Each structure stands twice: as structure tokens, then as C-alpha cells.
1. Run Trp73 past the list (1) surrounded by fewer than 24 Cβ atoms within 10 Å (Cβ to Cβ); (2) over 21 Å from Phe166 (Cα atoms) and report the number of the one that doesn't hold.
2. Here are the criteria: (1) touching a helix residue (DSSP H, G or I) at 6+ places or on another chain (Cβ under 7 Å); (2) of a type outside the set (Val, Ile, Thr); (3) part of a loop (DSSP other than H, G, I, E, B). Tell me which single one Cys123 does not satisfy.
3. Could you list, in sequence order, all residues of region 3-24 that are surrounded by fewer than 21 Cβ atoms within 10 Å (Cβ to Cβ), in a loop (DSSP other than H, G, I, E, B) and either basic (Lys, Arg) or over 18 Å from the mean Cα position of the chain (by Cα) (or both)?
4. Of a type outside the set (Ser, Thr, Tyr), in contact (Cβ under 8 Å) with a residue 12 or more places away in the chain, farther than 22 Å from Val56 by Cα and in a strand (DSSP E or B): does that describe Ala272?
5. Of everything in region 37-74, what is touching a strand residue (DSSP E or B) at 6+ places or on another chain (Cβ under 9 Å) and among the basic types (Lys, Arg)? Give them in sequence order.
6. Taking Gly247 and the conditions (1) on the phi > 0 side of the Ramachandran plot; (2) modelled with pLDDT under 85, which numbered condition does it fall short on, given that it satisfies the others?
7. Given the criteria out of contact with any Cys (no Cβ under 8 Å at 6 or more places or on another chain) and either more than 16 Å from Leu135 (Cα to Cα) or not acidic (Asp, Glu) (or both), does Gly11 qualify?
8. Of the numbered conditions (1) of a type in the set (D, E, K, R); (2) assigned to a helix (DSSP H, G or I); (3) at pLDDT below 90; (4) closer than 28 Å to Pro289 by Cα, Lys98 satisfies every one except a single condition; which is it?
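The values are calculated or read from the model by the stated rules, or taken from the named source; none is laboratory data. Computed from a predicted structure; not experimentally measured. Reconstructed Cβ throughout: ideal geometry from the backbone, glycine too, with neighbour counts over all protein chains shown.
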Amino acid sequence: MASEGILLGMGNPLLDISAVVDDSFLQKYDIKLNNAILAEDKHLPMYNEMASKYTVEYIAGGATQNSIKVAQWMLQIPGATSYMGCIGKDKFGEEMKKNSTKAGVNVHYYEDEAAPTGTCAVCVVGGERSLIANLSAANCYKSEHLKRPENWALVEKAKYFYIAGFFLTVSPESIMLVAEHAAANNKTENVEEIALKISQWPKASGAHKRITVITQGADPVVIAEDGKVKLFPVILLPKEKLVDTNGAGDAFVGGFLSQLVQEKPIEDCVKAGCYAANVIIQRSGCTYPEKPDFS
């Protein structure tokens, strides 16, 4: 049974600046369709141009934060999820806090004094999206923030942890602190989008087996567990109903975790992940209705 604070995520919070643009806009800034890149100097003017030229939507994003928000939405239990990352002390940071709190996530951001809040331009053309991320403050998380009593209390309370690979370059010390705590308390159940071979690697804690989950877009979801591989078909969607693929993978993770923390069978976890991803791709950005109709 899921409870308050059962799931904790740590990652790079980015405020998504999402807009439907045209091909000429992508060409102007040398962006390829379905690209996911870090912003260079040549890309910096695009954020203001998007806001002035197109109808823009702001969404609190970043891969891990998206997944945690979707898990919270699926669980519908107040405060079931928590999240940490670094933002700036600016208007985008305030927008981030407002958006995440509205989603029901218990956010504990580290606020950097110098760097601006990280942003990600989401350029949508024909239902396909290109991502141009300007990490800024998201790169500045410090383990000192994690060690504060009010924040470490979230680690102590959580039974499940989700940290995406992006965070490895930001604060490896924080990841090790959480991993060592999880191993010492026999809490870990790793869900990583990597190959079957990784599911067979030894673990510091032998209390829980390693499960590997690989999503493949419209192709079946691959699950590696106990040395065996299972394939699960996704929910197919007619192309005319596709609005935006941004956040589909994050939504799958959130839906998957919402059932995992309730100790449901892996089949139910995958079903929930596919449901959540199917909902998200029919909307703009990683957004969702007020209530899920998953059962």
C-alpha cells in the first residue's frame, strides 16, 4: 500500500517552454526533428523568440520530475511523492515551484543564488518534438542540501528511489548517499532502461532482485527479470490522435512506479506505464487530466 513519502526522485528540474513551431524555425536555429541537445550560444535567442512568436506553454519538467509528477497523479495519495533538484531564484523558479506543488509533489528545491533556473525549449512540429535544454541551475545541486535534516528526512521516509542517469554528472555524491542508505536498509528495487545483461549484475543489497525495463516507442516494452525476458505490447494510437510525444517515456516511468510502490505485479506496472504514456501523447507536453481512469 502506498503511503506518504514512499517515492523520492532526484534530478535536473527544467521549466519546459513548449510551443508548436514551423520547420523554418528549426532550420533557423539548426535544429533537427526529434533532436534532444544541450543549448549552445546560437540557441539562446530562441527562447525569447518562441515566447513572442508562438503560443507558449510553461510546464515544470525535466525527466525525473516528469516521472515523479505522473506517479503522483496515478497514485492520487497526497504527498506520496517527493522530489529534489536545483533551481534559480527567479521568476522561472517560482513558476516551477507553483507548478510542481499544484501537481501534489512534495518538492524540496535547492535554490542557487547565481545561476538562473534551467529551461528546455520544446519545439513541436507535426506531433514530433525537438528538445533544446539550457541546464543552468539544474547543474548546481549540492549534497549539502540533501544532508539538511528536513531533506534527509525524505530519504529516511522513502521506500523507493528514482534517479535518472542525467543526475550522474551533477551530484554523484548525492546519488551515492542515497544508494548507500537504500542498500543498508534493504530498500532498493532498481528500474533502469538498460540491457538484460545489467539485470544480472551483482548488487550491494541482495534483498531485492534487479528488474530491467526497456521502452521502444510503439514497439513492445521489454522486461528482464530473473534472467528471463518478457515482451508487453503498448497501446497503439492512431496518428491523427497524436499531439505531442514529449514526456512519453517519463510518463511511462511515472505510471510504472505508481504500481511498483504498491507492490503490484510487474504486469500491472507495465500496464500502468503504457496507460500513462498513452494519455500524455494525446496532450501538449507532460500534462494530464485531473484524475486518471486507470484500473
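1. (1)
2. (3)
3. Filtering region 3-24 down to residues surrounded by fewer than 21 Cβ atoms within 10 Å (Cβ to Cβ) leaves 3-5, 19-20, 22-24.
Within this subset, residues satisfying the condition of being in a loop (DSSP other than H, G, I, E, B) are 3-5, 22.
Ser3, Glu4, Asp22 - these are the residues of region 3-24 that are surrounded by fewer than 21 Cβ atoms within 10 Å (Cβ to Cβ), in a loop (DSSP other than H, G, I, E, B) and either basic (Lys, Arg) or over 18 Å from the mean Cα position of the chain (by Cα) (or both).
4. Details: of a type outside the set (Ser, Thr, Tyr): yes; in contact (Cβ under 8 Å) with a residue 12 or more places away in the chain: yes; farther than 22 Å from Val56 by Cα: yes; in a strand (DSSP E or B): no.
In short, no.
5. Correct list: Lys53, Lys69.
6. (2)
7. Taking the combined requirement at face value, the residue satisfies it.
8. Failing condition for Lys98: (3).
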